[in-house]
Amino acid sequence: MKKIFFCVLFLALISSSFAQTSDDAFKKPLKEVISQIENQYKVKIRYSEDLVKDRFVSYAGWRFRPDLEKTLSNVLSSQDITFTKEGEGKYKLDNFRYHLKTPAEGREQLEYLSTLYDDVPSWEKRKSELKSCMREALRLTVLPARPKSKPIITNKRTFEGYTVENVALEVLPGVYVCGSLYQPIKPKGKIPVILNPDGHFGNGRYRADAQYRCAMQAKMGAMAFSYDLFAWGESLLQFKPQDHRQALAQTIQFLNSERILDWMLSFKYADPKRVAISGGSGGGSQTMLVTALDDRITLSVPVVMLSSYHSGGCPCESGMGVHLCGGGTNNAEIAAMAAPRPQLAISDGKDWTQQVPKVEFPFVQKIYGFYGKSDLVENTHLPAEGHDYGVNKRYALYEFLGKHFKMNAKAVRDAAGKFDESKVTIEEFPAMYVFGEKGEKLPANAVKSFEELERIFEDSIK
């Protein structure tokens, strides 16, 4: 069969490519090469015209192999294009995704990383190197000076067992992060501090599941802060949506978390021994990174983002190259940097966290084992669920917080002992705006472009 294949292939190449020689590197238009692959292997390949426009493949015919997918790899890798099988004889092409490996490659990387350390001293050495490199990658080896302005706090509302206030903090001169501060009506003694960074879900921090989560934390006795991604929510008053996909967004989001934590720990009743962070999706990426780099975090709950092969589909999660540190790392190793602090990894069966129970979690648990603290890291896996911060994921969070922070879980349980979110008030978006429905209260010094932000950031780190 192989002889017949190569004879057919040779004749096809002769008939269609006789004009190409080594003098022009056997160059052919990519679209023509794709058409040849479709005809040769009897498949259909789907792609956008913009993806192949004005692209050429050198030594095109020489890249063909008897195996279809090897041929696709040989041709497309030269163009930074990937392919996905959509069904029998059907493929789709897309731009190369730098943040994404295959599940098998993720497992292989974890196997390699496991050879680098086998006890606390060797792991601590690796962790120290990673932390130093990651801060350097973020360009935050030393944090910029904090603006002296006071937080802008508006529109306090009181609900059953908790209050909500709208807050804006100036993280750099003229650059604000906005969020919602949830607190118990009458804080008793020192209370936990919980950061809730937003993820790439629709409606940002205004959505119902974010309100449920933070209100329940407050009803349990904590102060909880839910805050926008960069160039999302009220940050869009200062920046364009496309600015969210600038690499510097990752640095600004990390800086947002640091400024918020500074502020929350300044409250006289904030308990520095009980400081948590939890977010889903892009917020999960922030959760792992902030925990890895800030020892003030004493408990973390990353949701639907612990993966050895997916580093985050947005530059705001991986644009500054933190995953290149230490010769290459991934979210599983970054999550392990939380050890031996309590950590709950929440995963599901319908995204890139589907293999967590068998691959990533055992790796993280092994690191905790170096400290004799394997019991402090847990995995709640929901095989029938997808990529969200849904009710079952929230229930797992409440249980974990109550267990490790000794919070009042009884305050949010019904008569049958089940968590009850029904007494949380879900507000309309405008109630949560700091700067008004049309941004009319935005401070006069607010920057209005990404270019201005870049200049301010550069000046701040000199």
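Within 10 Å, count the other beta carbons around each residue, average over each peptide in 173-179, 393-399, 92-98, and list them highest first.
Working: 173-179: 23.6, 393-399: 20.1, 92-98: 13.9.
Order by mean packing, descending: 173-179, 393-399, 92-98.
List the residues whose amide H sits under 5 Å from the amide H of Val377, counting only those 5 or more places along or on another chain, with H placed 1.01 Å from N in the peptide plane.
Under 5 Å from the amide H of Val377 lie the amide H atoms of Gln343, each far enough along the sequence or on another chain.
Over all distinct Cα pairs, what is the inverse of the mean 1/r for segment 138-181, reported as the Kirkwood hydrodynamic radius in Å?
Values: mean 1/r = 0.0815 Å⁻¹.
Hydrodynamic radius (Kirkwood, Cα pairs) of segment 138-181 is 12.3 Å.
Can you tell me which lysines have their Cα less than 19 Å from the Cα of Lys125? Leave out same-chain residues fewer than eight positions away.
Lys366, Lys373
Compute the helix-to-body angle for 30-41: its Cα long axis versus the longest principal axis of the chain, expressed 0 to 90° and rounded to tens.
70 degrees
So who's got an amide H within less than 5 Å of the one on Asp420, skipping anything under 5 residues away but keeping other chains? H placed 1.01 Å off N, in plane.
Arg413, Asp414
Residue by residue through segment 432-444, which ³J(HN,Hα) values in whole Hz follow from phi under the Karplus form 6.51 cos²θ - 1.76 cosθ + 1.60 (θ = phi - 60°), with glycine and proline marked x?
Ordered by residue, 3J(HN,Hα) equals 9, 6, 7, 9, x, 5, 10, x, 5, 9, 4, x, 4 Hz.
Relative to the longest principal axis of the chain, what angle (0 to 90°, nearest 10) does the C-alpha long axis of helix 391-405 take?
Once rounded, one gets 50 degrees.
Each residue of segment 65-70 in order: what ³J(HN,Hα) in whole Hz does its phi give by Karplus 6.51 cos²θ - 1.76 cosθ + 1.60, θ = phi - 60°, with x for Gly and Pro?
9, x, 8, 4, 5, 5
Please give the FRET efficiency for Phe429 paired with Lys350, using the beta carbon to beta carbon distance and R0 = 22 Å, rounded to the nearest 0.05.
On the way: r = 28 Å, r/R0 = 1.28.
Between Phe429 and Lys350 the formula returns 0.20.
For Cα pairs less than 8 Å apart in space and 6+ apart in sequence, what is the mean separation divided by the residue count of segment 176-250, i.e. the relative contact order in percent? Spell out each step's value before the answer.
Working: 108 pairs, mean separation 29.7, N = 75.
Here the relative contact order equals 40 percent.
Can you tell me the relative contact order of segment 151-204? Whole percent, Cα pairs under 8 Å, sequence separation 6 or more.
Working: 63 pairs, mean separation 13.9, N = 54.
Computed value for segment 151-204: 26 percent relative contact order.
Got a sec to turn the phi values of segment 202-210 into Karplus ³J(HN,Hα) couplings, 6.51 cos²θ - 1.76 cosθ + 1.60 with θ = phi - 60°, whole Hz, x for Gly and Pro?
Per-residue couplings from phi come out as x, 6, x, 6, 7, 5, 4, 5, 5 Hz.
Is there a pair in Lys273/Lys403; Lys90/Lys350; Lys219/Lys358 whose C-alpha atoms are over 24 Å apart, and which pairs would that be?
Numbers: Lys273/Lys403 15 Å; Lys90/Lys350 22 Å; Lys219/Lys358 35 Å.
Result: Lys219/Lys358 exceed 24 Å.
Taking only DSSP H segments of four or more residues, each worth -39500 (n - 2.57), what value at 222 nm results for the chain once the sum is divided by all its residues, to the nearest 500 deg cm²/dmol?
On the way: 14 runs with 158 residues, N = 462.
Computed mean residue ellipticity for the chain: -10500 deg cm²/dmol.
Points 7 angstrom from Cα along the Cβ direction at Ser422 and Glu38: gap in nanometres?
5.6 nm
Give the angle, between 0 and 90 degrees and rounded to the nearest 10, that separates the Cα long axis of helix 360-370 from the longest principal axis of the Cα atoms of the chain.
Value to nearest ten degrees: 60.
Over the chain, what is the relative contact order in whole percent, taking alpha-carbon pairs under 8 Å and six or more residues apart? If you can, show how the numbers build up before the last one.
Working: 809 pairs, mean separation 68.4, N = 462.
The normalised contact order for the chain reaches 15 percent.
Under a 5 Å amide H to amide H cut-off, with H placed in plane at 1.01 Å, what residues pair with Phe56 once short-range neighbours are removed?
Those lying under 5 Å, H to H, from Phe56 are Leu30.
Once you have all Cα-Cα distances for the chain, histogram them in 10 Å bins from zero and send the whole-percent values.
4, 19, 26, 22, 15, 9, 4, 1, 0
Read-outs: derived from the displayed coordinates by stated rules, not from any lab. Since the structure is predicted, the reported quantities are computational estimates derived from the model, not experimental observations. A quick note on method: Cβ atoms are made from the backbone with ideal geometry, for glycine too, and the neighbour counts reach across all protein chains shown.
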